[in-house]
1. Within the stretch 52-67, is even one residue within 19 Å of Thr209 (Cα to Cα) and surrounded by 20 or more Cβ atoms within 10 Å (Cβ to Cβ)?
2. Anything in the stretch 82-98 that is of a type in the set (Asp, Glu) and either modelled with pLDDT of 95 or more or part of a helix (DSSP H, G or I) (or both)? List them, or say none.
3. Of all residues in the stretch 101-115, count the ones that are surrounded by fewer than 18 Cβ atoms within 10 Å (Cβ to Cβ) and over 22 Å from Ser196 (Cβ atoms).
4. For Ile43, only one of the following conditions fails: (1) under 18 Å from the mean Cα position of the chain (by Cα); (2) free of Cβ contacts under 8 Å to residues at least 24 places away in the same chain; (3) within 22 Å of Asp130 (Cβ to Cβ). What is its number?
5. Suppose we filter Val162, Val207 for residues that are modelled with pLDDT of 95 or more, surrounded by 21 or more Cβ atoms within 10 Å (Cβ to Cβ) and among the aliphatic types (A, V, I, L, M); which single one remains?
6. Residue check: is Val98 more than 13 Å from Gln171 (Cβ to Cβ), among the β-branched types (Val, Ile, Thr) and open to solvent by less than 10 Å² (accessible area, probe 1.4 Å)?
Amino acid sequence: MTLIAPSMLAADFLHLEKDVRMVNENADLFHLDIMDGTFVPNISYGFPVVEAIAKIAEKPLDAHLMIVNPEKYVDRCAKLGVSMLSFHLNATENPADVLDQIREAGMSPGLAINPDIPVESLFPYMEKCDYLLLMSVFAGFGGQKFIDTTYDRVAQLKREIVARGLDCLIQVDGGVSASNSAKLVECGADILVAGSAVFKSDDPAGVITAMKGE
């Protein structure tokens, strides 16, 4: 089953409750992009917004840390009720330790890489991850064009997961829409993150249904 995780970065922040309820009714996860302006050249939202979403969220919170030293914020994410927490491989000196820290805090650990980082760089950490996040655009801004080499990267990662007999899921984030979702799933993607394609649509629920292949 394909899981759809609308990226709240693209939500209408003047009417955030409406968009949260739409995700509750139609999608599987809340994808929360947290940026610090240092690891990526942009700043998104912080913990007060996550806390506000968490108050009425009925689906699990999936937080994606695009920040340096993510280990500093693991416990705080756990306290806010985050279920899944990912960070970037090159954002910390000891990724394995941070993955352990996330699991010990009661969350599912995930590891993310940008399109210019080889998929093989994830291999040493796969056994510690519940999911792996392949960015299909460069982290930092919403609304970017999907990078087509992502299909091969997903397929390569899927082959390695199968070869090792792991239950690790593959998440894809960036430029994902109903036009490429089926091919991504065919290549091995399990979780599709979509921001603009969902929230900028006249029919967000319909887009989610289409991405699920229903």
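1. Of all residues in the stretch 52-67, those within 19 Å of Thr209 (Cα to Cα) come to 58-60.
Filter once more, keeping what is surrounded by 20 or more Cβ atoms within 10 Å (Cβ to Cβ): none.
No, the stretch 52-67 contains no residue that is within 19 Å of Thr209 (Cα to Cα) and surrounded by 20 or more Cβ atoms within 10 Å (Cβ to Cβ).
2. Residue satisfying the conditions is Asp97 alone.
3. Keep residues of the stretch 101-115 that are surrounded by fewer than 18 Cβ atoms within 10 Å (Cβ to Cβ), which gives 103-106, 108, 115.
If we keep only those that are over 22 Å from Ser196 (Cβ atoms) as well, we get 103-106, 108.
Looking only at that region, the number is 5.
4. With respect to (1) under 18 Å from the mean Cα position of the chain (by Cα); (2) free of Cβ contacts under 8 Å to residues at least 24 places away in the same chain; (3) within 22 Å of Asp130 (Cβ to Cβ), Ile43 is out only on (3).
5. Of the residues listed, the single one that is modelled with pLDDT of 95 or more, surrounded by 21 or more Cβ atoms within 10 Å (Cβ to Cβ) and among the aliphatic types (A, V, I, L, M) is Val207.
6. Values: more than 13 Å from Gln171 (Cβ to Cβ): yes; among the β-branched types (Val, Ile, Thr): yes; open to solvent by less than 10 Å² (accessible area, probe 1.4 Å): yes.
When the stated conditions are applied, Val98 passes them.
Every residue, every condition in (1) small (Gly, Ala, Ser); (2) within 30 Å of Thr38 (Cβ to Cβ); (3) assigned to a loop (DSSP other than H, G, I, E, B); (4) in contact (Cβ under 8 Å) with a residue 24 or more places away in the chain, yes or no:
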| site | (1), (2), (3), (4) |
| --- | --- |
| Asp100 | no, yes, no, yes |
| Leu122 | no, yes, no, yes |
| Leu132 | no, yes, no, yes |
| Arg153 | no, yes, no, yes |
| Glu160 | no, no, no, yes |
| Ile170 | no, yes, no, yes |
| Glu186 | no, no, no, no |
| Val193 | no, yes, no, yes |
| Ala197 | yes, yes, no, no |
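Every residue, every condition in (1) assigned to a helix (DSSP H, G or I); (2) over 25 Å from Glu214 (Cα atoms); (3) touching a strand residue (DSSP E or B) at 6+ places or on another chain (Cβ under 6 Å), yes or no:
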site: Lys18; (1), (2), (3): yes, no, no
site: Arg21; (1), (2), (3): yes, no, no
site: Glu25; (1), (2), (3): yes, no, no
site: Met35; (1), (2), (3): no, yes, yes
site: Thr38; (1), (2), (3): no, yes, no
site: Pro41; (1), (2), (3): no, yes, no
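The values are calculated or read from the model by the stated rules, or taken from the named source; none is laboratory data. What you see is a predicted model, and the numbers here were worked out from it, not measured in a lab. Note: ideal-geometry Cβ built from the backbone for every residue, glycine included; neighbour counts use all protein chains shown. To get the accessible areas, we keep the full protein, side chains included, count just its heavy atoms, and leave off ligands, DNA and RNA. Shrake-Rupley method; radii C 1.70, N 1.55, O 1.52, S 1.80 Å.
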